[in-house]
Amino acid sequence: MDRDVKVILNGKEVFGYRGQKILELCAENGIEIPTLCYDPHLTLHGGCSLCLVEVKGAKNLVRACAMPINNGMEIQTMTDRVFGARQLALQLLFSDHVGDCRPPCQLACPARGDVKGYVNYAAEGEFRASLEALHENITLPASIGRICPAPCEEKCRRNFVDEEPVSIREIKRFIGDWGIKTGDLGTIPEIKENGKKVAIVGGGPGGLSAAYYLRRMGYAITLFDKESALGGMMRFGIPDYRLPQPVLQKEVDWIIDHGIETRLGMTLGKDVTLDELRKDYDSVLLAFGCWKSLPMRVPGEDLKGVLGGINFLYEVNNGRKVDVGDKVAVIGGGNTAMDAARCALRSGAHKVYVVYRRTRDEMPAEKLEIDEAMEEDVEFIFLAAPVAVEGDGKVERLICEKMELGEPDASGRRRPVPTGEQFTLEVDSVIAAIGQGADFSALPKEMHDGRRIATDKHFATPLEGVFACGDLNTGPDIAVGAIAEGHWAAESINHFLMEGVPHRPFECDVVRVDLGPEDFLDQEKQPQEHPVHCPGNVRLARPFEEYNLGLTEEQVLRDGSRCMKCGCPDVHECKLRRYGTEYEADPETFSKEEYSRPHRTVEANKYYLRDMDKCIACGICVRTCSQQAIYSAIDFQRRGMDTLIAPAMDRSIEDSTCVFCGQCVELCPTGALTENSVHGISRPSKTRVVKTICPYCGVGCELDIHVDELTGKIWNVKTDYDSTTSMNAGRCCVKGRFGWSFVHSDDRLKKPLIKEKGAFREASWDEALGLVAEKFTGFRDSSGPDSVAFFSSARCTNEENYLLQRFAREVMGTNNIDHCAHL
Amino acid sequence: MTNDYESIKHADVALVIGSNTTENHPVIGSWLKEQQKKGRTKLIVCDPRSIELNDYADIKVRHRSGSDVALLNGLMNIIIAEGLHDKEFIDKNVEKFDELKALVAEYTPAKVSAITGVPEDTLKEAARLYARGPNSAIFYTMGITQHQYGTNNVKTVADLALLCGMLGRPGTGVNPLRGQNNVQGACDMGCLPASLPGYLDIAKNTEKAAEKVRQIWKAELPTSPGRTIVKVTDGLAKGEVKGLFIMGENPMVSDPNTNHVKDALEKAEFLVVQDIFMTETAQLADVVLPAACWAEKDGTFTNTCRAVQRIRKAVEAPGDARSDWEIIVDLAKACGADWDFHSPEDVMEEISRFVPQYGGITYDRLDQGPLMWPCPDKDHPGTPNLYTTGFPRGKATFVPYEWNQPHEWPDAEYPFLATTGRTLYHYHTGSMTRRTPSAEYIKSLYVEVNPEDAAAIGLKEGDDVRVTSRRGSVVGETRITDRVSPRMVFVPFHFGEQPANVLTASVWDDTSETPAYKINAVKVEKA
Ligand SMILES: Cc1cc2nc3c(=O)[nH]c(=O)nc-3n(C[C@H](O)[C@H](O)[C@H](O)COP(=O)(O)OP(=O)(O)OC[C@H]3O[C@@H](n4cnc5c(N)ncnc54)[C@H](O)[C@@H]3O)c2cc1C
Ligand code: SF4
Ligand code: SF4
Ligand code: SF4
Ligand code: SF4
Ligand code: SF4
Ligand code: FES
């Protein structure tokens, strides 16, 4: 065909042939146009409107998949109008889409840890794979696995079955500990330097996480910290009995081993200034946390014996003995207060009060922390607030006022209201643990308002190239929150340094919130596994030693298997979600009228799952079946809004003419059609594709084996419609696509076996081959070469068949060689 | 296959005989259907069962099982009688036309119609359509070869193609569809008692063969005739064969007359089985060697259109299991041989020196895509279509055969005809597919019964049905379908616990020694 049609494509002159579609011309010129209903191997459908482009002179945007080019056409493929139209098309497709891309546990995890992935790897005994899956989003797993309040568990759907979640945190800890125990904390990849430098101030979880992800992208990282050890509040705030320092240290070291330069004992504002960093580095990330104890604002606050919560814990965590006296009052109801109270007990106090303005129900501290403090005989005084600290040169008394609960405040909690009634606590010290704030003294004025740092949603501060994340950005939060911030800030910095503007990744998730216990009645109940409980007095007898020893391996395998593998199996490959992410289409833009549409069904057969709630009616499957498989098992059944893809006459797939070639599953752009084998795997984040030939019939179809790199096992087999080396051009049958699970079957032969007295016993290769050699050469030498015979196999390779006949003829001296190939 | 897959797209007519293509060679089936649907190819389907492809057939020829040679002779009779044969082609390329003509003259439409049960008009239409082409291709499989006279069938198919000059052009050809992934390769590699790799016939070319073996293996070629599988089984029973080494096969399930095979294997003094699973056959072994499976090794397969293709290692083998090639190399060394192969690629290097058809095949080239043999040297592009420039020995020969009544035919005591075969969902003896989702889909043996017969016997869908031949008996689930004709049942053979091959006779085609699985007289009862 002559390329005589001249087109101006995004301002560039290119030539195409007559009748060529805009889409094809774009593809030839390396311009990717998003498509959902188009497939180059099928006839046109033109229904999804995703491929819209702007053509000069045309009133409306045109479909690139359907519109042929003509001479002089001027095409723009990415204008604001085009972007908006595609975004709208996607939002409309999402408007009646029912499913959840990622499971609720993962969405509840601030770091979006691949819970389903690492829990199930753990349940399969694939601990290393689990660790690698963890590292995708969660650094410091052994440490986080000890101290995380586990918001994921709160949202875990296992609660609907057992009223208890999967032990996500404990499993994480087990895996982290497995790494530390085996000394194999994970592969440190070879890093391709990209020549850019980033300074990070603050080596807490936020700074460490950012350093880790930026380093993996190829940045040279210098990590500054005012302390002489890294870990931030995990190191200097959280006491050792909850998080032993060696555990944290090993995990921190592993991150640093990625080739991160550390500058310890360097305080921003004192030893180095922001201006200097901005000058020396391409970008600066501030992650120095909230290290100022907030004052109580009561008289007597400056008496000796009044301590800030984190200051007290800082001393304890530095191994310094703090003399708190015999009786201590801790003010506050958060985790810092709990840690301070329990550390006070461990520092020699015999009586520790926790004074809190509201009741137990309103306490922000973790339930477990409160329970454990109570078990250790900390006395809780609820509905009380400090009004003054009194004493002669040092603390002697704390005067408190009784409170009552009034109207709810902005946070929804009922506001404590003073009653005017006072009481006195005789104490030797007062620890104020009512909150922390950031120290902004090292930053210029335009970067903060004294309480909050000024950042946008992409972590960018008003100073170009300067970013902030972690507690500094959010205010005091939890460690995994800081890890998340570090990760997304790293992405934003990368975007800034590569594309010129900061940008945090857009997350496109269809979510289901309509599920409840009644949707899981078919699940068998199985209670959660718990670590052995250690009583309070035993804990106090070994004050700073860790007392939670975690789950055993058996418990991890059992508990992990409780996971129901929620979320969409197609999440990594779904084109709808991929474009939704690219075009930042919020799935919730248009409300979903109803959650389940009764005429759309989820239908499982032995090979694949049809979840018609996720079908976008693109018709690819229908065309694949009639044009590639040549079966026409399915078609559009109703029209308009009710459109449904199904076999004719309301039959099920198993009763239709479908022969389970899986080609429609392969080409379906969404998770509406998925191979059963992929259910419950939340990968392929790391997949290796190996092209090989089908082991079944003589057609010799080329197959793409998809290997999960983390476990080294096959997770799916597909075909490649564009392969240049195949004879089947994407086609295949049920055996090629679905006939591979025997490979990993448990009853594979794994050892040579020798039969003795009618029973097999295992043997070494040397022994087994030695015996075969002895017998066969024996027969040859005593009864003649033709007393032995060989059957080869049509299932073995050419090379193997060649060698066996050579062995028979050359070594044994017989032509008794045949194969069972008459079939 | 004489022609490649691409050639299918050029066929004006495709004659499919004894091949349930859409079940046994599904992707080729899809091409044939696509061609027919698009109106590019007319389909003639000859099969005793009303197979799926029949739904697309322009001409449906439901001839009786075992009557293939009569049918083909009948077609040739009509073609010659109506002068539709390619005289020019025959003059130039084929010998013994007169012999053929004389023999098929006997096979008048009336006579053939009586033998095959196919109406005379259908025979004529089919003959004309095929002969007129312009390009007609024949496809067949074991439906044709698994008969006592399978070799005759195959030669007769070739006669038909020669008669009409349907060879050597895209869209034509004689295309046997190979059942297993690498049957072609196993034959190419000389795993045949009578020939060395590359079909070098030991008896006919003894000196040449011996010289090659001396040169490449530095060894002496044994010249005593080798035993075929069937004769090995007999030899075991008689104590003449003492040691048997089976690589990757499960004859306990796949071979005819399972009971006979079991007796023979049990008699072996020393049986070695190399496999990926503890198969029915491996149970009987003295030594079992664990092999890597297809996904765990490198190598090549040769498919049914002679395309050599690379298989690649994707995952590690479990436990101590090793690739078959490694095992053989080590065994050879243990027997004192001085072999120096370190990879399948090393072996291919030797193959390319030994087998002229593979002379130009290297792994590097295969990475660019399949190569169809003959591919004699490194610059040769491979040969998609054979005989484009004539025949290797100058001229081909017609080899006409008479139709013979099959060895066993339904009678009063065994009134049904049972044919064995495979289904889309399972493969061979099931040791692989019965560990995949297909195990759930088709769990156990089923027997296809025609609705008429089902009614007469009182069988309902799903009932247990017993099928008994003179040799044995199996029980399966009833499937009522008009895919089988009345008085005929179909029994798939993938199920070791109910092996269809207990029904089959130890009767073989005399030339190829292919077992006759296709025809068995049986009785059918409610179990
Ligand atoms: C007592 C206590 C208990 C907690 N318990 C839990 C818990 O059980 N579970 C949980 O998930 N979270 C807990 N947290 C919260 C968690 O530790 C923090 O959210 C998290 O550490 C914040 O991480 P970050 O990296 O943002 O800051 P940080 O961890 O605070 O790290 C900031 C780093 O910056 C350094 N730095 C500060 N100023 C400068 C400067 N000027 N120059 C150079 N370096 C500087 C610091 O030395 C520190 O290393 C607890 C916090 C406290 C205080
Ligand atoms: S099909 Fe795509 S968009 Fe829908 S739930 Fe699955 S991953 Fe999300
Ligand atoms: S059951 Fe598993 S996938 Fe589902 S929410 Fe719980 S941990 Fe996540
Ligand atoms: S099921 Fe069919 S119509 Fe629905 S999204 Fe998948 S390919 Fe498109
Ligand atoms: S699996 Fe194959 S036959 Fe079945 S509907 Fe899909 S494309 Fe059609
Ligand atoms: S995928 Fe099916 S048609 Fe293709 S080689 Fe395998 S068994 Fe044969
Ligand atoms: S409308 Fe063009 S790709 Fe769907």
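Derivation of every value follows stated rules applied to the coordinates shown; laboratory data play no part. All figures in this text were calculated on a predicted structure; none of them were measured in a lab. Every residue, glycine as well, gets a Cβ built from its backbone with ideal geometry; the counts of neighbours run over all protein chains shown.
Only aspartates and glutamates eight or more places from A:Lys279 in sequence, or on another chain, were considered; those with a Cα closer than 14 Å are A:Glu464. For the stretch A:183-204 versus the stretch A:8-27, the inter-centroid distance based on Cα atoms is 43 Å. Put a plus charge on the Cβ of each Lys and Arg, a minus charge on the Cβ of each Asp and Glu, and nothing anywhere else: the dipole of the protein assembly as shown about its Cα centre is then about 2440 debye. Note on A:Lys192/A:Asp271: beta-carbon distance plugged into 1/(1 + (r/R0)^6) with R0 of 35 Å gives a FRET efficiency of 0.65.
Dipole orientation for the protein assembly as shown: of the candidates B:Ile90, A:Gln245, A:Gly560, B:Ile90 has the Cα lying most toward the positive pole (charges on Cβ; Lys, Arg +1; Asp, Glu -1). Note on chain A: dipole from Cβ charges, positive end direction compared against A:Gly481, A:His819, A:Met612; the farthest Cα belongs to A:His819.
Taking a point 7 Å from the Cα of B:Lys96 along the Cα-to-Cβ direction, none of the residues of the stretch B:54-75 has its backbone N closer than 13 Å to it. Between the stretch B:408-469 and the stretch A:521-576, the alpha-carbon centres lie 49 Å apart.
Hydrophobic, long helices, defined as DSSP H runs whose alpha-carbon span along the helix axis is 20 Å or greater and whose mean Kyte-Doolittle value is at least 0.0, occur in chain B at B:150-164.
Please tell me which of these pairs span more than 30 angstrom C-alpha to C-alpha: A:Lys367/A:Lys565; A:Lys155/B:Lys443; A:Lys21/B:Lys42?
Values: A:Lys367/A:Lys565 27 Å; A:Lys155/B:Lys443 40 Å; A:Lys21/B:Lys42 33 Å.
Result: A:Lys155/B:Lys443; A:Lys21/B:Lys42 exceed 30 Å.
When you filter the trypsin sites (Lys or Arg not before Pro) in the stretch A:691-789 for DSSP loop state and at most 10 other Cβ atoms inside 10 Å of their Cβ, you are left with A:Lys757. Relative intensity of the stretch A:23-67 on a log10 scale, I(q)/I(0) at q = 0.15, 0.27, 0.34 Å⁻¹, equals -0.35, -1.04, -1.33, per a Debye sum over C-alpha point scatterers of equal strength in the absence of solvent.
Of the cross-linked pairs A:Lys192/A:Lys691; A:Lys750/B:Lys242; A:Lys196/A:Lys457; A:Lys181/A:Lys292, which ones have a Cα-Cα span greater than 25 Å in the structure shown?
Numbers: A:Lys192/A:Lys691 28 Å; A:Lys750/B:Lys242 27 Å; A:Lys196/A:Lys457 23 Å; A:Lys181/A:Lys292 36 Å.
In this structure, A:Lys192/A:Lys691; A:Lys750/B:Lys242; A:Lys181/A:Lys292 exceed 25 Å between Cα atoms.
Taking 19 Å as the straight-line reach from the Cα of B:Lys212, the lysines in range (excluding those fewer than 8 positions away in the same chain) are B:Lys204. When +1 charges are put on Lys and Arg Cβ atoms and -1 charges on Asp and Glu Cβ atoms, the dipole computed for chain B relative to its Cα centre reaches about 960 debye. Label positions at A:Ser632 and B:Asn259, each projected 7 Å from the Cα along the C-beta direction, are separated by 4.8 nm. Of all DSSP bridge pairs formed entirely within chain A, close to 60 percent run antiparallel.
The alpha carbon gyration tensor of the stretch A:319-390 gives principal lengths a ≥ b ≥ c with a/c of 1.5 or higher and a/b no greater than b/c, which makes the shape oblate. Legend: distances between Cα atoms for B:Lys60/B:Lys155; B:Lys208/B:Lys333; A:Lys197/A:Lys575; B:Lys155/B:Lys378; A:Lys606/B:Lys33; A:Lys606/B:Lys60; pairs beyond 29 Å are A:Lys197/A:Lys575; B:Lys155/B:Lys378; A:Lys606/B:Lys60.
Note on the protein assembly as shown: Cα convex hull, mean projected area over all directions, 60.5 nm². Would you please state which residues of the stretch A:128-154 a label at A:Lys181 would reach in this model, taking the label point 7 Å out along Cα→Cβ and a backbone N cut-off of under 20 Å? Within reach of a label on A:Lys181: A:128-135, A:140-148.
Per residue, chain B reaches -9000 deg cm²/dmol at 222 nm when only DSSP H runs of four or more residues are counted, each adding -39500 (n - 2.57). Suppose a student asked you for the relative contact order of chain A, using Cα pairs under 8 Å spaced at least 6 residues apart; what percent would you report? Answer for chain A is 12 percent.
When the dipole is taken about the Cα centre of the stretch B:224-323, and only Lys, Arg (+1) and Asp, Glu (-1) are charged at their Cβ, what size is it in debye, to the nearest 20? Intermediate values should be presented prior to the final figure.
Details: 12 positive and 14 negative charges, 97 e Å.
Here the size comes out at about 460 debye.
Within the stretch A:78-103, what residues put their amide N at less than 20 Å from the label point 7 Å along the Cα-to-Cβ vector of A:Glu584? Hits in the stretch A:78-103 for A:Glu584 at 20 Å: A:78-95. A straight Cα-to-Cα reach below 21 Å connects B:Lys523 with the lysines B:Lys460, residues fewer than 8 places away in its own chain not being considered. Taking trypsin sites (Lys or Arg not before Pro) across the stretch A:1-72, the ones in a DSSP loop with at most 10 further Cβ atoms lying within 10 angstrom of their Cβ are A:Lys56, A:Lys59.
Apply the a/c threshold of 1.5 to the C-alpha gyration tensor of the stretch A:463-585 and tell me whether it is rounded, prolate or oblate. Oblate, since a/c reaches 1.5 and b/c is not below a/b. State the Cα centre-to-centre distance between the stretch A:49-84 and the stretch A:379-438 in whole Å. Spelled out, the Cα-based centre of one part sits 67 Å from the other. First check a/c for chain B, with a ≥ b ≥ c the square roots of the eigenvalues of its C-alpha gyration tensor; if it is under 1.5, answer rounded, and if not, answer prolate when a/b is larger than b/c or oblate otherwise. Because a/c hits 1.5 or more and a/b fails to exceed b/c, chain B counts as oblate.
Among the GluC sites (Glu not before Pro) in the stretch B:149-257, those located in a DSSP loop and surrounded by at most 12 other Cβ atoms within 10 Å of their own Cβ are B:Glu220.
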